[in-house]
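Remarks on the structure that follows.
The values are calculated or read from the model by the stated rules, or taken from the named source; none is laboratory data. On a predicted model such as this, the values are computed, not experimentally measured, just so you know. Positions of Cβ are backbone-derived with ideal geometry, glycine not excepted, and every protein chain shown enters the neighbour counts. Accessible surface areas use protein heavy atoms only, side chains included; no ligands, DNA or RNA. Shrake-Rupley method; radii C 1.70, N 1.55, O 1.52, S 1.80 Å.
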Amino acid sequence: MRIKLINPNTTQRMTAAMEQCARAVVSPGTDVVAVSPTMGPPSIEGYYDEALATPGLLAEVEAGEREGIDGYVIACFGDPGLYAARELARGPVVGIAEAAMHAASVLAPGFSVVTTLSRTRAMAWHLAERYGMTRFCRNVRAIDVAVLELDEPGSAARRAIVDECRRALDEDGSDAIVLGCAGMTSLCAQVEDALGVPVVDGVTAAVKWVEALVALRLTTAKRGDFARPLAKRYDGEFARFSPSSPASATDTPPPVRPLRYG
Ligand code: 2AL
């Protein structure tokens, strides 16, 4: 199977780091294709960044449908464009915040999210509400390190994350941590070793979830809210995003694949 991991920001080194972590967790026979759009913000740190990252992300999903991709991961903690991507995709689409929060909710009675900038804390709370996770999400904390500073040489990010996680465990009544940025993926194992509690990275959690759904031959429902967008002509620079007619090849049902275990 082929899973497309889309980093909706344009920073290739982040995409490459995520690809490495994703490839380390998938089963033999699963290929992870990691991409970032050619247009959009280099990091996503607010609603405006999210909005302008979304067209490039959706173009990658539409291209994936032509490439025969089986499922998608949206690898940014705001899960930008998640529902729009589901309208385009035949296979499952999972966001990393969605995957990480759901995973943490079965590992511990309560978790804290530790994210990058304070300004994105409310975004994470909105996602917890959207996913029915407020029962489990005890707090959303920020280290106030910008996304692109996380992996800078000599960055104090790992130390800042561990310190904030310790405060979360002491003060929030949480027993697990959700890492609140795709740029934290490669730090996950070190943070978990330092803390001794479950630390969930959404990139790897989402990749394994998509892999499981595809192995179960489950696809995105094409009745109702996630049906293909209605065909119409968009104006101006968005003309190339105009949804095609519902009778297009992308609406033919997926081929039935045999169930495969192992
Ligand atoms: C993110 C993320 O995961 N990638 C990005 O560019 N911004 N989210 C965040 N809260 O820092």
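Observations on the model:
- ALA53 being within 13 Å of the ligand (Cβ to nearest atom) and assigned to a helix (DSSP H, G or I): yes
- Pairing each residue of the stretch 176-205 that is under 23 Å from ILE74 (Cα atoms) with any residue that is part of a strand (DSSP E or B) and among the aromatic types (Phe, Trp, Tyr), provided the two are 6+ apart or on different chains, yields C-beta distances under 9 Å for ALA176/PHE111; ILE177/PHE111; VAL178/PHE111; PRO198/PHE111; VAL200/PHE111.
- Where a residue in the stretch 216-228 is under 17 Å from LEU58 (Cβ atoms) and part of a loop (DSSP other than H, G, I, E, B) and its partner, wherever it lies, is among the hydroxyl-bearing types (Ser, Thr, Tyr) and at pLDDT below 95, with Cβ under 9 Å and at least six apart: ARG228/SER244; ARG228/SER248; ARG228/THR250
- The stretch 25-40, subset of a type in the set (A, V, I, L, M, F, W, C) and outside any loop (DSSP other than H, G, I, E, B), residue surrounded by the most Cβ atoms within 10 Å (Cβ to Cβ): ALA34
- For the stretch 66-80, a residue qualifies if it is in contact with a Gly (Cβ under 9 Å, 6 or more places away or on another chain) and touching a residue at least 60 places away in the same chain (Cβ under 8 Å), and the qualifying residues are ILE69, ASP70, GLY71, TYR72, VAL73, ILE74, ALA75, CYS76, PHE77, PRO80.
- Selection status of ALA53, at pLDDT 95 or above and crowded, with 22+ Cβ neighbours inside 10 Å: yes
- All conditions in (1) under 21 Å from HIS102 (Cβ atoms); (2) of a type in the set (Val, Ile, Thr); (3) open to solvent by less than 50 Å² (accessible area, probe 1.4 Å) hold for THR134, with the sole exception of (3).
- Number of positions in the stretch 77-91 that are open to solvent by 10 Å² or more (accessible area, probe 1.4 Å) and within 16 Å of GLY224 (Cα to Cα): 6
- If you filter the stretch 92-127 down to residues that are more than 19 Å from ILE143 (Cα to Cα), small (Gly, Ala, Ser) and in contact (Cβ under 8 Å) with a residue 60 or more places away in the chain, you find that the one that is most open to solvent (accessible area, probe 1.4 Å) is ALA103.
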